[in-house]
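Peer 1: One structure coming up, written as structure tokens, with questions to follow.
The values are calculated or read from the model by the stated rules, or taken from the named source; none is laboratory data. A quick note: this is a predicted structure, and the numbers were derived from the prediction, not measured. No Cβ is skipped: glycine too gets one built from the backbone with ideal geometry, and neighbour counts run over all protein chains shown. Accessible surface areas use protein heavy atoms only, side chains included; no ligands, DNA or RNA. Shrake-Rupley method; radii C 1.70, N 1.55, O 1.52, S 1.80 Å.
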Amino acid sequence: MPTYKIRGIDVDFPFEAYDCQLVYMEKVIQSLQNKCNALLESPTGTGKTLCLLCATLAWRKSLGGFSTGKIERNGRIAGGKLDIVPSSQSEDRNLPTIVYTSRTHSQLRQVIQELKRSSYRPKMVILGSREQLCIHEEVSLLRGKVQNNACHLICKTRGKRQCTHFSRVADYVKCNPHLGDEPVDIEDLVNIGRTFGPCPYYISRELHKVVDILFAPYNYLIDRGNRKSVAIDWDNSILIFDEAHNLESLCADAASFDLPSWLLTACISEAKSCIDLSVTRREESNDKSWNPDNFAILRALLLKLEKRIAEVPIESKELGFTKPGPYIYELLADLNVTHDTATKVIDIIKDAAVLLEEDKQDKSKGTGCRLESISDFLQIIFREKNNSHANFYRVHVQEGEANAADVLKGKPSRTLSWWCFNPGIAMQEFSRVGVRSIILTSGTLSPLDSFAQELKLDFPIRLENPHVISSSQIWAGVVPAGPSGRSLNSSYRTRDSLEYKQELGNAIVNFARIVPDGLLVFFPSYYLLDQCISCWKNMSQANSTTIWERICKHKKPVVEPRQSSLFPLAIEDYMAKLKDTSTSGAIFFAVCRGKVSEGLDFADHAGRAVVITGMPFAMRTDPKVRLKREYLDGQTHSQRDGCKLQVLSGEEWYGQQASRAVNQAVGRVIRHRYDYGAIIFCDERFEHPNRQTQISLWIQPHIKCHSKFGDVVFTLSRFFRDGGSRDAAKLRSISREDTENIKVEKNTQPLDKFYLDSFLSTRTPDQGCSSKSLSSLLEAKRGKDSSLSENVFPANRSSLSPFKESQDFKLNHSRSEIYNEKKLLIPGRINIQHQNAGMIDLTSKSLMDESQSRKELVPCSAKKRKVFHAGYSTGQIGNTHEHASSAERQAKCSS
């Protein structure tokens, strides 16, 4: 296993690293050493997760040994209360805890698989919900807060109803100090619980007090209540947010709330039920543990709030009623709810939740306690004594369509909202508690400036890494006009015109004919998707064939459903149609910001091209969007002078949100080192330089604007024709000399993204980052006779079907005389060490000269790794596209 010395830290990496991976790890270590924050973008397929783990754990290991084999750390004891650590453990005190978060447990499962690939074995645990970890035969069937309340109840209960799994946790953790020394996932914890009896949920809760690295979903850090339940020392800790492209919106949503009239009505009904239950218990069993007067006060308060919201003057249904954030305190003061009384109301709601849960257990399983939403609402509002956070909020009351019951009662259907427009609130709290470094990373963070400005944090370390592919593996172009020469522009001025829909449809017919296998088409909104498909189905051409029928002639269509519950079926349908040999593949019509556009792999034949039909701007008239823009514009004017961080204007935010959604959708294709695909921007607005600068950096150099649609057809057809040759070359055209350096090895590529294993094809692994593809290397060996001078054939011919994708390639490390060179270390540089060789300085002049001298003679096997200097600036990495090829870096020099 190679060892790299990066900024003085020895980093063990399971593969021979590539330039972009070394740059990425250098930025991570720089952030940790300098106690500053980092914003790191690295496309899927660059081994981002593995690099992040190895660099972080190598740095942590350099400070002191991991806590493996122990149940004590930094004054905390797993399975017991806080205590003083014996003197023998004093060397472990104040060592930083690493908290690694991602959006979902599915993504965290992939991260833990990457940890298993590495040589590092820190003490670790993953936090999960009771829904995933509970093994109690009754409680495990519940969901949400109902399940949480039921768990609390049976853990406190004594006697037969007490949870036997909970009572076994402390002894099990104490008797198994090596628990967490090897990577464990949710399923592993559940198996422990089912086999030995202790509760998996509380095992993780005890173990997380003493771990070196903790894995958890975002909400464990972003949500204030969940964060309090995490018993780690935040001072000097490291926070990592993987897949952080949605972090700003998640932070804002977690700090906001909406209270629709139907929910408030349900809360009033539950308060009435609590009154009746407490009175009945007093009368029937003399149970005075619940005071009906408290529940009567709660109900009266909610009724008054309902009346107060109904009395709010709304002059325009479109604009609603808006006030500055502090107005919420004025509204609640009319109900006698203040900082002093809010805690009492919250306590009453807690009692109500327990009472309702007991009643539901005696009868049937319910849907949860709606009253707890009021408790959440009050905790957000009264989170700070001085109410200073309210300045980042707006109060909004919106009138919606009333349901039948409200119409009969003469009540309007209204929603009271308190929206947070400063997502940095949650992140700034980490700075206040002494967090050492916050690292945000994803495959699509661009544009980085707006991201940093929204979170109100300083990110001195930034990186926009290149992709691992070469220019021959990507076709990226702007298509400003369709086959008839009419402009393609999906703005509100033209999107409803028949001419636009027909022109776009005819363009997609051509793409369906040219692109082999899977084609993804993203629309700015569900509205436009529905309008276009309806038009294509109903409007026939002169030959009586509709556009939809012509699309279906080449590819079988699948449309992204609005209901999330139907999404897995849509994916399954898409994959089934891809395998159908009666057409040249399948086409998936989807929307930007939808489920298809985020977190899924459409690698290899599942996604050979992605079409962006327009800029996915949010509706300007949406109250939340309008108020956000007004808020930012107000901040721009008030903080123009003397503000350290640049303030984003409302218009800039509006445009960059659309660009980030485009980058997310585009990232569905070209998912690994040997993948290839096309990115087609079907909107003339993408011709503007300011639009292109907001596209992910790795795509920008490849974007070409085509004034004529014929040029698009010609170059795209040629690209995919060569793609078929590229596929064939991987299996058939590698010479015997080359295949000696290639081995088939499964699961070698770090998996950065969640994907549906049962639906999507096996990804072809990569372990590299270069600008020269394997196909170009092979082409150089064969000579240039396979030129592009032949006629352009349709790219979806059966003869150009993709090769079998279940095999992946990794170049072996053959022995080389270079690794017998004299050991030479230079401070501040990166050095590489193999198990059977000494430390080699990659900046050695003699080695560079030797590499250069062999370059002309043996282009494949004798090139040295590109020299890597650890002295990049803290800004963006500039022209990092010029890397040596994958084969050149992985193959050792032959004698």
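Peer 1: Out of the residues in the range 689-702 that are in a loop (DSSP other than H, G, I, E, B) and touching a helix residue (DSSP H, G or I) at 6+ places or on another chain (Cβ under 8 Å), which is farthest from residue 657 (Cα to Cα)?
Peer 2: By that ranking, first place goes to 699.
Peer 1: Could you say which residue among 691, 660 is open to solvent by less than 30 Å² (accessible area, probe 1.4 Å), of a type in the set (Lys, Arg) and in contact (Cβ under 8 Å) with a residue 40 or more places away in the chain?
Peer 2: 660
Peer 1: For the condition acidic (Asp, Glu), open to solvent by 10 Å² or more (accessible area, probe 1.4 Å), in contact with a helix residue (DSSP H, G or I) (Cβ under 6 Å, 6 or more places away or on another chain) and farther than 30 Å from residue 713 by Cβ, what is the one hit in 630, 572, 651, 598?
Peer 2: 598
Peer 1: Give the residue that is nearest to residue 356 (Cα to Cα), with candidates limited to residues of the range 269-316 that are of a type in the set (A, V, I, L, M) and touching an Asp or Glu at 6+ places or on another chain (Cβ under 6 Å).
Peer 2: 277
Peer 1: Another one. If I ask for residues that are open to solvent by 50 Å² or more (accessible area, probe 1.4 Å) and within 30 Å of residue 140 (Cα to Cα), which ones from the range 338-353 would you list?
Peer 2: 347, 350, 351, listed by residue number.
Peer 1: Also, I was wondering about something else. Quickly run through the range 663-688 and pick out the residues that are open to solvent by 10 Å² or more (accessible area, probe 1.4 Å), more than 14 Å from residue 467 (Cβ to Cβ) and part of a loop (DSSP other than H, G, I, E, B).
Peer 2: 688, the sole residue that qualifies.
Peer 1: Does the range 552-571 contain any residue that is of a type in the set (S, T, N, Q) and within 17 Å of residue 518 (Cα to Cα)?
Peer 2: Scanning the range 552-571 turns up no residue that is of a type in the set (S, T, N, Q) and within 17 Å of residue 518 (Cα to Cα).
Residue-wise test of (1) within 22 Å of residue 627 (Cα to Cα); (2) more than 38 Å from the chain's Cα centre (by Cα); (3) free of Cβ contacts under 8 Å to residues at least 60 places away in the same chain.
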| position | (1), (2), (3) |
| --- | --- |
| 320 | yes, no, no |
| 327 | yes, no, no |
| 351 | no, no, no |
| 378 | no, no, yes |
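Results for (1) in contact (Cβ under 8 Å) with a residue 60 or more places away in the chain; (2) over 30 Å from residue 647 (Cβ atoms), shown as yes or no for each residue.
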site: 533; (1), (2): no, yes
site: 579; (1), (2): no, yes
site: 595; (1), (2): no, yes
site: 601; (1), (2): yes, yes
site: 614; (1), (2): yes, no
site: 618; (1), (2): no, no
site: 633; (1), (2): no, no
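Peer 1: Please verify whether the range 564-580 includes one or more residues that are under 30 Å from residue 395 (Cα atoms) and part of a loop (DSSP other than H, G, I, E, B).
Peer 2: No, the conditions are met nowhere in the range 564-580.
Peer 1: Related question: For the range 436-444, does any single residue satisfy the condition of being more than 20 Å from the chain's Cα centre (by Cα) and either more than 17 Å from residue 243 (Cα to Cα) or open to solvent by less than 40 Å² (accessible area, probe 1.4 Å) (or both)?
Peer 2: Yes, that holds for at least one residue.
Peer 1: Okay, moving on. Considering only the range 99-136, state which residues are within 18 Å of residue 239 (Cα to Cα) and part of a loop (DSSP other than H, G, I, E, B).
Peer 2: Scanning the range 99-136 gives 103, 104, 122, 123, 127, 128.
Peer 1: Out of all the residues in the range 703-717, which are in a helix (DSSP H, G or I) and crowded, with 18+ Cβ neighbours inside 10 Å?
Peer 2: Matches in the range 703-717: 709, 712, 713, 716, 717.
Peer 1: Identify all residues within the range 599-621 that are part of a loop (DSSP other than H, G, I, E, B) and under 22 Å from residue 703 (Cα atoms); write none if there are none.
Peer 2: If the condition is that a residue be part of a loop (DSSP other than H, G, I, E, B) and under 22 Å from residue 703 (Cα atoms), then 602, 603, 607, 608, 613, 614, 615, 616, 617 are the ones that fit.
Peer 1: Here are 27, 35: which of them is under 18 Å from residue 452 (Cβ atoms) and open to solvent by 10 Å² or more (accessible area, probe 1.4 Å)?
Peer 2: None of the other options fit; the residue is 35.
Peer 1: I'd like to check which strands (runs of 3 or more DSSP E) are fully inside the range 456-523 and have at least 2 residues that are under 30 Å from residue 389 (Cα atoms), in contact with an Asp or Glu (Cβ under 8 Å, 6 or more places away or on another chain) and open to solvent by 10 Å² or more (accessible area, probe 1.4 Å).
Peer 2: Output list is empty.
Peer 1: Part of a loop (DSSP other than H, G, I, E, B), open to solvent by 10 Å² or more (accessible area, probe 1.4 Å), in contact (Cβ under 8 Å) with a residue 12 or more places away in the chain and polar (S, T, N, Q), is that true of residue 46?
Peer 2: Criteria not met by residue 46.
Peer 1: Quick one: which strands (runs of 3 or more DSSP E) lie wholly within the range 234-337 and hold at least 3 residues that are open to solvent by less than 20 Å² (accessible area, probe 1.4 Å) and within 30 Å of residue 55 (Cβ to Cβ)?
Peer 2: Counting at least 3 such residues, we get 238-241.
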